[in-house]
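Before any comments, here is the structure.
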Amino acid sequence: MIKQGEHTDLENASLISVDCSNQDLAAVNWKRVNAVDCQFRSSDLSGSVFTHCKMTNTGFEAAEGCDVKFDLCNLANSNWRGASLSGSSFTECKLTGANFSEARLLGASFQHCILREVFLRNASFRKQTLEGLDFEGADLDGADFRNAIFDDCSLRSASLRLAKFSGADLRGCDLGQIQLSDAGILKGAIVSKSQATDLLGGLGISVL
């Protein structure tokens with residue numbers, strides 16, 4: 001069991017359906033921990049490092065997670081509602097279906113992650129270089145991508161109402177079947193010739 005105030009590193013542990021809410025777990029190194037269906041509500045995870053952990057269906061609501069590192073973790077269907085994740089990083093993580101509603105993400109970063117069907121409304125990616133991010137089917141309404149650079153990313157079937165793309169370089173992004181009638185959200189963005197051709201094709205115009 002994890003006891004409040006103990007900062008012991010955890011490795012090869014199993015914490016299935018354990019309630020770790022309201023605990024001081026700052027600066028703990030988690031390695032190959034199986035924490036499926038656990039709860040970390042309002043716990044302090046600041047400065048912790050999670051590597052090769054499986055934490056699917058786990059709740060991090062209102063957790064203090066500043067400067068936390070998640071590397072090679074499966075965090076599918078995790079709930080981060082109201083969590084503070086400033087300065088935290090997610091690298092090569094699976095976050096399918098994760099909920100970041102009302103989470104504070106100032107300075108947080110995602111690299112080479114699966115973010116399918118994730119809830120990231122109003123998140124700011126402004127001026128970031130986004131590498132290997134799969135946002136297919138994600139809810140990105142109101143997200144700020146201004147001056148961001150997309151490299152090997154996908155926005156296929158993502159919800160992008162009121163998202164901002166001015167100055168964004170989308171040439172390295174799969175935009176899917178965006179119709180020209182919806183292309184206004186891309187105002188000010190940089191797209192490739194092939195992407196522009198696809199957009200015009202949605203209006204029945206052929207580019208020869």
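Structural remarks
- Any chance residue 165 is aromatic (Phe, Trp, Tyr) and either loosely packed, with under 15 Cβ neighbours inside 10 Å or in contact with a helix residue (DSSP H, G or I) (Cβ under 9 Å, 6 or more places away or on another chain) (or both): yes
- The single residue among 170, 203, 175 that is hydrophobic (A, V, I, L, M, F, W, C), under 27 Å from residue 92 (Cβ atoms) and modelled with pLDDT under 95 turns out to be 175.
Listed here are the residues, each with its yes/no results for (1) within 30 Å of residue 150 (Cβ to Cβ); (2) not in a loop (DSSP other than H, G, I, E, B).
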residue	(1), (2)
27	no, no
30	no, yes
37	no, no
42	no, no
62	no, no
70	yes, yes
81	yes, no
97	yes, no
101	yes, no
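- Filter result for residue 89 (small (Gly, Ala, Ser), assigned by the TED database to the domain that holds residue 54, surrounded by fewer than 20 Cβ atoms within 10 Å (Cβ to Cβ) and under 12 Å from the mean Cα position of the chain (by Cα)): yes
- Residue match in the stretch 54-64 (condition: surrounded by fewer than 18 Cβ atoms within 10 Å (Cβ to Cβ) and either among the polar types (S, T, N, Q) or at positive phi (or both)): yes
- Residues that are under 23 Å from residue 169 (Cβ atoms) and surrounded by fewer than 23 Cβ atoms within 10 Å (Cβ to Cβ) within the stretch 94-113 comprise 105, 106, 107, 109, 111, 112, listed in sequence order.
- Here residue 68 passes the criteria (1) buried (at least 16 other Cβ atoms within 10 Å of the Cβ); (2) among the aliphatic types (A, V, I, L, M); (3) modelled with pLDDT under 95 except the one numbered (3).
- Yes/no for residue 56 being under 12 Å from the mean Cα position of the chain (by Cα) and in a loop (DSSP other than H, G, I, E, B): no
- Subset of the stretch 131-163 [in a strand (DSSP E or B) and in contact (Cβ under 8 Å) with a residue 24 or more places away in the chain]: none
- Selected residue [of a type in the set (Gly, Ala, Ser), over 21 Å from residue 97 (Cβ atoms) and crowded, with 18+ Cβ neighbours inside 10 Å] from 46, 42: 46
The values are calculated or read from the model by the stated rules, or taken from the named source; none is laboratory data. Remember, predicted model here, so these are calculated numbers, not experimental data. Virtual Cβ from ideal backbone geometry, glycine too; neighbours counted across all protein chains shown.
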